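What follows is a short report on a single structure.
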Amino acid sequence: VLAFCGIGRPAKFAETLGAAGARNAVLRPFPDHHAYGDEDAERLLAEATRTGLPLVATEKDQVKLKGSPALDRLAAATRVVPVKLQVEEEAVMLALLDRVIAARRS
């Protein structure tokens with residue numbers, strides 16, 4: 001597959017694809033919270049056409065693929081892979097969230 005994502009840890013997306021059975025996923029990472037543009041769409045579509053690989057992305061990325069004909073074509077050509085956040089140490093995560101919320105309030 002030809003995977004693309006604009007998430008904080010793109011390698012984790014590649015791991016998820018591998019765990020789901022994708023062999024030799026080609027990853028095209030973008031910065032976290034990337035705003036996709038026509039150039040991104042055209043480049044990804046061209047690579048998918050050239051390689052014959054199906055495009056896959058996260059749900060977070062899929063919702064950003066709108067606003068132009070190129071982005072609409074990319075959205076239509078992309079399969080979505082759901083990704084879930086799994087917290088292994090809930091107490092640590094809750095403490096971190098408490099600190100962030102307290103800092104924002106002050």
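Out of contact with any Ser or Thr (no Cβ under 9 Å at 6 or more places or on another chain), within 20 Å of R9 (Cα to Cα) and either among the β-branched types (V, I, T) or assigned to a helix (DSSP H, G or I) (or both): is that true of L96 in this structure?
When the stated conditions are applied, L96 passes them.
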#### Entry: Out of V63, V87, V83, sole residue that is in contact with a helix residue (DSSP H, G or I) (Cβ under 7 Å, 6 or more places away or on another chain) and either modelled with pLDDT of 95 or more or under 26 Å from R23 (Cα atoms) (or both)
V83
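Yes/no matrix, rows are residues, columns are (1) in contact (Cβ under 8 Å) with a residue 40 or more places away in the chain; (2) acidic (D, E); (3) out of contact with any Lys or Arg (no Cβ under 6 Å at 6 or more places or on another chain); (4) under 22 Å from R9 (Cα atoms):
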position	(1), (2), (3), (4)
A25	no, no, yes, yes
P31	no, no, yes, yes
Y36	no, no, no, yes
D40	no, yes, yes, yes
A46	no, no, yes, no
T49	no, no, yes, no
G52	no, no, yes, no
T58	yes, no, yes, yes
Q62	no, no, yes, yes
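Could you check the range 48-71 and list, in sequence order, the residues that are among the small types (G, A, S), surrounded by 16 or more Cβ atoms within 10 Å (Cβ to Cβ) and not in a strand (DSSP E or B)?
A48, A70
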### Summary
Scanning the range 1-35 residue by residue, those within 11 Å of the chain's Cα centre (by Cα) and part of a loop (DSSP other than H, G, I, E, B) turn out to be G6, I7, G8, R9, F30, P31, D32, H33, H34
### Message
So if I check each of L45, L74, L85, which one is on the phi < 0 side of the Ramachandran plot, in a loop (DSSP other than H, G, I, E, B) and over 11 Å from the mean Cα position of the chain (by Cα)?
### Response
L85
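The values are calculated or read from the model by the stated rules, or taken from the named source; none is laboratory data. The structure displayed is predicted, hence computed values, not measured ones. Cβ: placed from backbone, ideal geometry, glycine included. Neighbour counts: every protein chain shown.
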